[in-house]
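These notes concern the structure reproduced below.
The values are calculated or read from the model by the stated rules, or taken from the named source; none is laboratory data. Treat the numbers as computed from the prediction; the structure is a model and nothing was measured. Here the Cβ positions follow ideal geometry from the backbone for every residue, glycine too, while neighbour counts run over all protein chains shown.
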Amino acid sequence: MDNFSSVAISSRIRLARNISGIEFMPKLTSEDKIDYISSSMQALLSASGDFTTQKLADLPLSRCTSLLERHIISKALIENKDISLVSTNEDESIIVMIMEEDHLRLQSILPGLNLFEAYNQLLPLDEKISSSFVIAFDDELGYLTSSPSNLGTGMRASVMVFIPALEKSGRINQLISEARKFGLTFRGAYGEGSESKGFIYQISNQGLLSLSEEEIIDRVNDFFFSIYDEEMRLRAQIYEQNKDELNDQIMRAYGILTNAYLLEEDEMFSLLGMIRFGHELGLLKIKDVDLFMKLFYHGGAALLKEIRPFSQDEKENRIRAEYIVKRVKNLVKIGGEK
């Protein structure tokens with residue numbers, strides 16, 4: 001089955017869970033209770049397979065920021081750095097955040113449009129946690145969570161989308177309004193309060209207390225399909241109407257990202273987005289799209305320093321240009337070049 005990868009970058013399911021009888025975050029201050037949750041979860045995850053758990057307090061801020069740039073952890077987990085933990089399986093498709101906005105947040109991230117697969121991947125771990133702890137639950141409200149928007153299933157289903165044609169057509173504000181009518185949110189790639197970078201946005205549910213997990217996923221999928229159809233139609237239309245301008249923008253982006261000496265982060269996002277758009281229009285050829293899309297977060301300040309350590313005397317924008325130029329030259333060719 002086509003996973004709609006020309007628009008859908010990745011799918012994420014996140015489950016919020018709290019342990020009954022223990023104060024919710026941020027009112028939880030008892031060290032004994034915090035230690036109980038942390039140690040119990042570490043033992044459970046250790047027995048569950050290939051999970052690696054790290055205390056954020058043991059990590060430098062730069063490492064925490066790089067995990068944020070890769071969407072492995074959230075800002076809230078960093079804010080609770082003194083008590084929070086993160087655990088991931090070997091391929092990082094399953095992530096557990098401990099002491100975030102809720103006691104536990106489980107998430108699964110898969111490429112393309114794969115919300116049902118991501119949900120099914122989390123189910124065994126969720127069931128194991130539910131059999132090991134008494135989870136806070138109300139017969140009318142469902143799973144009890146710190147944020148009222150997560151009541152019910154405690155589930156947030158989201159799809160990261162690449163929609164250059166919709167952005168260039170000025171449709172984003174309308175999509176935000178349309179999403180609200182369906183109990184969904186439409187926003188920048190890094191969640192609440194964030195802006196779009198490189199034509200990348202996120203669709204997710206908010207509220208939907210009365211719906212089941214399957215119904216929520218169907219709701220998000222249906223909204224995605226409507227966006228997908230419009231984006232694909234607009235790509236052809238915009239290119240036909242603005243062929244010279246788009247050719248110029250895309251080739252300029254390619255020229256800069258194969259020759260730049262200095263490269264700011266925001267400029268990098270914008271130019272990478274144009275190159276990906278060029279690939280979708282057939283003007284450029286990206287050899288490995290998944291690897292190319294990783295450049296969006298590899299060029300972030302914190303992760304860049306992890307991948308390519310540099311001294312205070314070296315300029316971040318110079319190192320970023322060096323790193324990105326080398327990889328774009330390897331991954332991207334003009335038209336049908338071999």
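Please find, within region 200-211, the residue that is surrounded by the fewest Cβ atoms within 10 Å (Cβ to Cβ) out of those that are out of contact with any Ser or Thr (no Cβ under 9 Å at 6 or more places or on another chain) and closer than 20 Å to Phe225 by Cα. Filtering region 200-211 for residues that are out of contact with any Ser or Thr (no Cβ under 9 Å at 6 or more places or on another chain) and closer than 20 Å to Phe225 by Cα, the one surrounded by the fewest Cβ atoms within 10 Å (Cβ to Cβ) comes out as Ile200. Once region 108-120 is narrowed to residues that are more than 16 Å from Thr153 (Cβ to Cβ) and surrounded by fewer than 21 Cβ atoms within 10 Å (Cβ to Cβ), the residue that is farthest from the chain's Cα centre (by Cα) is Glu117. Filtering region 273-300 to residues that are of a type in the set (A, V, I, L, M) and more than 17 Å from the chain's Cα centre (by Cα) leaves Met274, Ile275, Leu281, Leu283, Leu284, Ile286.
Name the single residue that is surrounded by the most Cβ atoms within 10 Å (Cβ to Cβ) among those in region 233-269 being hydroxyl-bearing (Ser, Thr, Tyr) and farther than 14 Å from Ala165 by Cα.
Tyr254
Kindly provide the set of residues from region 167-219 that are of a type in the set (D, E, K, R) and in a loop (DSSP other than H, G, I, E, B), ordered by number. Scanning region 167-219 gives Arg171, Glu192, Glu195.
Residue-wise test of (1) modelled with pLDDT under 95; (2) over 30 Å from Asn221 (Cα atoms); (3) of a type in the set (Gly, Ala, Ser).
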residue: Ile19; (1), (2), (3): no, yes, no
residue: Pro26; (1), (2), (3): yes, yes, no
residue: Thr29; (1), (2), (3): yes, yes, no
residue: Ala47; (1), (2), (3): yes, yes, yes
residue: Phe51; (1), (2), (3): yes, no, no
residue: Leu59; (1), (2), (3): yes, yes, no
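Given the condition more than 21 Å from Pro111 (Cβ to Cβ) and assigned to a helix (DSSP H, G or I), answer yes or no: does some residue in region 295-303 qualify? Yes, region 295-303 contains a residue that is more than 21 Å from Pro111 (Cβ to Cβ) and assigned to a helix (DSSP H, G or I). Residues in region 271-284 include none that are in the same structural domain as Ile250 (by TED's automatic domain parsing), charged (D, E, K, R), within 19 Å of Ser66 (Cα to Cα) and in contact (Cβ under 8 Å) with a residue 24 or more places away in the chain.
Looking at Ser66, Ser5, Ser39, which one is more than 21 Å from the chain's Cα centre (by Cα) and polar (S, T, N, Q)? If you could, list the steps in order and put the result at the bottom.
On the way: Ser66 fails: more than 21 Å from the chain's Cα centre (by Cα); Ser5 fails: more than 21 Å from the chain's Cα centre (by Cα).
Testing whether each residue is more than 21 Å from the chain's Cα centre (by Cα) and polar (S, T, N, Q) leaves just Ser39.
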